[in-house]
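A.B. asks: One structure follows; several queries about it will come next.
Read-outs throughout are calculated quantities, based only on the coordinates presented, and are distinct from any laboratory measurement. Keep in mind the model is a prediction, meaning the values are calculated, not measured. We place every Cβ from the backbone using ideal geometry, glycine too, and count neighbours over all the protein chains shown.
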Amino acid sequence: MISPVILCVGGDARNIYVNQRLCSLGKVYSFGASGCVGDVILLKSLYDMPQKADMLVLPLMSSDGLDIDLAGCGTVSCAQIAGKLNKNALVCGGRLGRQVVEFFSSLGHDVKDYFAREELAVKNAVATAEGALSIAMSELGVTVRGTNTLVIGYGRVARACAGAFSALGSEVTVCARNIGQRADAENLGCRAISFDSLEKYVSEYDTVINTVPAFVLTEPILEKVCKDSIVIDLASKPGGTDFDAAKRLNIRAVHALALPGKVAPITSGYLIAETIENIYNERRETDVFTRH
């Protein structure tokens, strides 16, 4: 089978390693990334693309528009990119908005969101937890061992954070709505509380980690947080913390978004590339790549 031609557009530091890893699949062209390594062919302009691509790789998206952010040099429109794709191309991106999905789908392309894949979500949670650990150690000025940590929520990222902080000797409490989740946290050696108890107990913790994408750390709750503590909000925008209130109350609160790309861009890039490879291999089994 002929190896695919891959066009990678935009992205941050992790996309350098996404592009490098994808060279194992075929010929990789990169436009608008922050650099390149290995056998990746760096394009100064889309007009320099010498052949049409069978696969388009987009970065993790930050908006629902049809413009793709380039690393430090503006944007490029999906319409411009589409002209560089073969018929029935595979389009992979992260957190793809409705407009992008509908645009490429209307042209007959197969659109997949790699960030919605289970294998990436599970592995990415570990990198996020390690990033939260790094922030806590930097901000607290003490070892994690011997501290008290509160993790709000009990999804993949919350479980990874609970495990990581526990492994380093912190006494971890999980705040979860579901009684089954609280039971599971207790089975893992954590203390568990309900949201009804959050305001009562929040003053006990050195590190407060929120993973819930809803407004849970309100001003009345933040008033109870110890002034020497650090609040780390890992939830997607706008987060679950009243950051204005935290500032007024002189509480350290960090909205730590995209941690894997900041603290471990190489690992994060390889995980994304691995997921894209899985998508490609699944599609290849149906033999849908057709050159024109």
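A.B. asks: Please compute the modelled spin-label separation between Thr218 and Lys200, points set 7 Å along Cα→Cβ, answer in nm with one decimal.
C.D. replies: About 1.8 nm separates the two model spin labels.
A.B. asks: Quick one: which of Lys27/Lys112; Lys224/Lys247; Lys27/Lys262; Lys123/Lys262 span more than 18 angstrom between C-alpha atoms?
C.D. replies: Table pairs above 18 Å Cα-Cα are Lys27/Lys112; Lys27/Lys262.
A.B. asks: Just add up the charged neighbours of Asn250: K/R +1, D/E -1, any other residue whose Cβ is under 12 Å from the Cβ of Asn250.
C.D. replies: +2
A.B. asks: Pull out the extension gain between Lys247 and Gln99, defined as 0.36 nm times the separation in residues minus the alpha carbon to alpha carbon distance; nm, one decimal.
C.D. replies: 49.7 nm
A.B. asks: Give the residues of the range 55-76 whose amide nitrogen is closer than 19 Å to a point set 7 Å from the Cα of Ser106 in the direction of its Cβ.
C.D. replies: In the range 55-76, the label zone of Ser106 (backbone N under 19 Å from the point 7 Å along Cα→Cβ) covers 63-68, 76.
A.B. asks: Separate question: To the nearest 0.05, what FRET efficiency results for Val142 and Leu42 with a Förster distance of 30 Å applied to their C-beta separation?
C.D. replies: Efficiency for this residue pair is about 0.10.
A.B. asks: If you rank Thr75, Thr173 by fewest surrounding Cβ atoms within 10 Å, what's the result?
C.D. replies: Thr75, Thr173
A.B. asks: Taking the simple approach of a point 7 Å from Cα along Cα-to-Cβ for both Asn278 and Ser134, what is their distance in nm?
C.D. replies: Between Asn278 and Ser134, the label points sit 2.3 nm apart.
A.B. asks: Based on the Cβ-Cβ distance from Arg191 to Ser236, what FRET efficiency comes out when R0 is 30 Å, to the nearest 0.05?
C.D. replies: Given R0 = 30 Å and the Cβ-Cβ separation, E is 0.70.
A.B. asks: Follow-up question, since we're still on this one. What is the packing order of peptides 197-204, 31-38, taking the mean over residues of other C-beta atoms within 10 Å and listing the highest first?
C.D. replies: Final packing ranking: 31-38, 197-204.
A.B. asks: Take the Cα atoms of the range 93-242, find their three principal axes, and give me the spread along each one in whole Å, biggest first.
C.D. replies: Computed over the Cα atoms, the extents are 56, 33, 31 Å.
A.B. asks: A further question follows. Please report Asp206, Asp228, Asp54 as a ranked list, fewest other C-beta atoms within 10 angstrom at the top and most at the bottom.
C.D. replies: By the 10 Å Cβ count, ascending: Asp228, Asp206, Asp54.
A.B. asks: Next question. Between Ala167 and Thr75, what is the label-point separation in nm under the 7 Å Cα-to-beta-carbon projection?
C.D. replies: Label at Thr75, label at Ala167, 3.9 nm between them.
A.B. asks: Per-residue ellipticity at 222 nm for the chain, helices alone: DSSP H runs ≥ 4 residues times -39500 (n - 2.57), over residue total, nearest 500 deg cm²/dmol?
C.D. replies: My calculation for the chain gives -10500 deg cm²/dmol from helical runs alone.
A.B. asks: Cut-off is 10 Å between beta-carbons; in what order do Ile135, Ile276, Ile16 appear when sorted fewest neighbours first?
C.D. replies: With the sparsest Cβ surroundings first, the list reads Ile135, Ile16, Ile276.
A.B. asks: Could I ask something else about it? With springs connecting C-alpha atoms under 10 Å apart, model the chain as a Gaussian network and identify which of Asn19, Asn148, Asn281 has the largest mean-square fluctuation.
C.D. replies: For the chain, modelled as a Gaussian network with Cα springs under 10 Å, the answer is Asn281.
A.B. asks: Helix 156-167 versus the longest principal axis of the chain: what angle, 0 to 90°, nearest 10, using Cα atoms?
C.D. replies: With both axes taken from Cα atoms, the answer is about 50 degrees.
A.B. asks: What is the sum of charges around Tyr280, taking Lys and Arg as +1, Asp and Glu as -1, for the other residues whose C-beta is under 11 Å from the C-beta of Tyr280?
C.D. replies: Counting the neighbours of Tyr280, the net charge comes to -3.
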